Every structure is written in C-alpha cells, then in structure tokens.
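Structure first, then comments.
The values are calculated or read from the model by the stated rules, or taken from the named source; none is laboratory data. Just so we're clear, the structure is a prediction, and the values are computed from it rather than from any experiment. Heads up, the Cβs are rebuilt from the backbone with ideal geometry, glycines too, and the neighbour counts pull from every protein chain shown. Remember, those area values only see protein heavy atoms, side chains included, never the ligands or the DNA or RNA. Shrake-Rupley method; radii C 1.70, N 1.55, O 1.52, S 1.80 Å.
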Amino acid sequence: MNKTEMIERNNGIQNQIDEVITLKAKARTQMKEAIYDMVSEMGGAIDVDWDDDCDYPILTYDGGNHKITSLTKDGFFGYTKNATVKNLTVERSSSTKAALIYSMAGGTVDNCHSTGSVSTTGGLIWETAVVSGTSSILNSTNRNNCSGVSGECGGIVCQVGTSENYLENCHNYGNISGSYRVGGLVGRSTQNA
C-alpha cells in the first residue's frame, strides 16, 4: 500500500468514526428531549448530562414534591448511574420489586417516599448495584408492606451491593416479612454499608 492509499484509507476510517460520533450525539439529544417531554407532563424539573464511559444519562431529577400514582412496573426509574433523585413520592398499584428505582449505581436519593397497598421486596429501591461509586439514601420513607418473594426483603433497599452506601434519616412504616435476609431498612448487604 502506497502513501496515497494509506492516507485515503485513514481518511475513510476517520469519516466512519465521525459518523458514529454524530449518530451518538443525535441519539443522546433525542433521548434528552424525550426525557424532558415526559417530565413536563408529570411535573418536576430535570437536568440531563452524560457519562462519557457509558450511554446512560446522568439525571438530576427534582420531583417538586409531586406524587406519581398507579405505578405498575418495577421502579419508576429502571436503572440510574450517579443520578440525583429528590422530592418525589411514588404510589404503587402492582409493582413487585421497588417503587422508585430498580437498580441504583451510585448517586443520591433524597426526600423520596413509597406509598400504596401492594406488597413488594424493596420499598424504595430493589438494589444498589456493584460499582465503585457511593449510593446515598437520605430523608426517605417506605409505607408499603414488604414481603420477600425469593426470601430477601428490605423496607428501603432489598439488596445493597455498592462499595459505599449511606442511609441517613430513613424510616420504614410497612410490615416486613421473608424467609431470610430480611431487614426493616436493608434486606441484604454484600458490601460496606
């Protein structure tokens, strides 16, 4: 391959890289717009940023003390990474694992609450995932009954798995039951809490 052919080949590769970067930026913009549209319908305020190491948005969501009712899925937020979620109440109607977040990989939950009449395995959060970051849950409550479907059950978090976890001024008012790894605040902790 001569010098001209190498330059043309490298230019072609760079063009492909530029196209991928453009498409990724466009997808992120579309996702950001969709998130803003959703939030404008339900109330509250949100800011969206991106972690360059992954394709998950970093959310800062202030629910403005609004209440989300009739939740039927596991977690209002499915997966969050280094997000901040605050001032929100979630009322479940048929969720079986957690009201607020299914899997929390670092970040902060502050002044968030779970209400409703259904039984669940994690009051607010199903798990804090294994990451190098810190998960903090502050000033939050659960008022749902919690029953461990697979045995494990926690009033605030079912499973704690991050390297550092902080629960401060959190309360559980629901009944807790399960065959093993059951706790009023945390059902199971595999790492430092």
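General observations
- Around residue 71: net Lys/Arg minus Asp/Glu count, Cβ-Cβ under 12 Å: +2
- In order through the range 167-181: 3J(HN,Hα) via Karplus (6.51 cos²θ - 1.76 cosθ + 1.60), integer Hz, x for Gly, Pro: 10, 9, 6, 10, 9, 10, 10, x, 6, 10, 8, x, 7, 6, 6
- Sorted on the mean count of surrounding Cβ atoms within 10 Å across their residues, most packed first, peptides 70-77, 121-128, 180-187 read 121-128, 180-187, 70-77.
- Against the criterion of solvent-accessible heavy-atom surface with a 1.4 angstrom probe, 188, 143 sort, most first, into 143, 188.
- Neighbourhood net charge (11 Å Cβ-Cβ; Lys/Arg +1, Asp/Glu -1) for residue 178: +1
- Other-chain or far-sequence residues with amide H under 5 Å of residue 147's (modelled H): 120, 121, 177
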